[in-house]
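Nothing in this text is a laboratory measurement; each read-out follows from the coordinates by a stated rule. Note that the structure is a prediction, hence the values are computed from the model and not measured. Don't worry about glycine lacking a Cβ; one is built from the backbone with ideal geometry, like all the others, and counts go over all protein chains shown.
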Amino acid sequence: MRRRGMALLAAALLLAGCGSSATEADDGSGDKASDKPEPAPSVSIDPADLKPGNRPATPEALAAITLQHVRIVPEAFDGGDLYFEQDEVGTVLVWGADHTLEVKAGPVDDDLLSTWCHDGMSGCAEVKGDTGTATVAWDLATDDGTPGQLMVSHKAGGEERRAAYVGEKITEDPRKLDLEVSVDDLVALVTDPRLGTKTTTEMTKAQVDGFPSEGANGAGEVPLTAGAIAAGLLETKAYADIDSFEKADVADYGKGAFGVVGTRPDGSTVTAIHAPNLPAEARKCAKTLTCSKGDTDGYDGWTEGSAETVRCHEAQGDSHAFCAVVRQQAPAPFPGDDLDPVLSALEAGLEALWPTVPAETARRGESLL
């Protein structure tokens, strides 16, 4: 999953009871000419504190450790019970115009970044920091506006600790770029011994100002509703312009299905349906569409002026199996027959269809239907 948007949050890091100094909130005395948040001041880390712990890590603990290494001002924190795998712990810091930094720790598997380096990444290198060596990989920005990404991974104690940064254009080896989130900072972060599924007692007591007490990383995830689907679509950049919603006709989507149809200013519609019992025939590409296979059970299909994405997920942990369907119908053929932005939008819309959502998203959805 990706972003579950939150309200603008305060940016200061308050480390209650920690050995290192806290990042202080802006006192409002700076230059008023720009609304852009100022980078957070660096936090001094006592080398004596850089030791592994034996307490279960929390998303807030990982956020606190991250903000000791990276000089950013987060405006929101994403994540949630279904964002990461059951045996992982992580959080996503969000700020600016679609800047995100995902930080997580979990078991080593075939998805280890060092494996990715041999499978399509634009570049890869081993970078040594004061507390260990990390694998750094990157994808370059593309002509269609994709900014590229920077990923850093470190394996220790049978776990992988990873950070993934998206938002700034990666035009060459990121070690040569003056990035807001630097390679050196990320190497220091993922090799910090406290960053893992276990951490120190001090970090479990850390309090990050603005970190949600419910939804996203906090408690309070609630079952998905039709209104929450609508709110989730509006949280995506692709469908933020939807100006009205109604409940979708779900007669063909199996028992327990529900969803919405959103109408955009240009007359196009977006249909999003959560279907826990989607019939087998609905999981296959219709003969009227040109299709490609999805990354899970399902497909991406399109024809002139219409496109749809279906993804089905198996039961995992406490979550039940379900399928997600997003369809975009335009009053005319897609501009220039360029399907990339259309399919990317459908992919983003899938994020609104997971079985649970932050409580705040559900509350916002109550007024949309």
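For the pair residue 130/residue 290, report the inter-label distance in nm, with labels modelled 7 Å from Cα in the Cβ direction.
5.5
Please compute, for the alpha-carbon atoms of the stretch 48-205, the extent along each of the three principal axes and give them in descending order in Å.
46, 32, 31
Please tell me which of these pairs span more than 23 angstrom C-alpha to C-alpha: 237/287; 169/293; 51/104? Intermediate values should be presented prior to the final figure.
Numbers: 237/287 31 Å; 169/293 29 Å; 51/104 18 Å.
Result: 237/287; 169/293 exceed 23 Å.
Convex hull over the alpha-carbon atoms of the stretch 146-241: what's its volume per residue in Å³?
171
Peptides 297-304, 276-283, 133-140: what's the order by average Cβ count within 10 Å, highest mean first?
Values: 297-304: 18.1, 276-283: 14.9, 133-140: 21.2.
The packing order, highest mean first, is 133-140, 297-304, 276-283.
Using a Förster radius of 35 Å, what is the FRET efficiency between residue 369 and residue 169 based on their Cβ-Cβ separation? Nearest 0.05, please.
Numbers: r = 39 Å, r/R0 = 1.11.
E(calc), rounded to 0.05, equals 0.35.
At a Förster distance of 45 Å, what's the computed FRET efficiency of residue 339 paired with residue 71, Cβ-Cβ distance as r, to 0.05?
That pair, residue 339 with residue 71, gives E of 0.70.
Expected output is a single nm value to one decimal: the length gained when fully extending between residue 303 and residue 263, i.e. 0.36 nm times separation in residues minus the C-alpha distance. What is it? Mind showing how you got there, number by number?
On the way: separation 40, 0.36 × 40 = 14.40 nm, distance 1.96 nm.
Result: 12.4 nm gained on full extension.
Give the separation of the Cα centroids, the stretch 196-211 to the stretch 240-254, in Å.
One Cα centre to the other: 40 Å.
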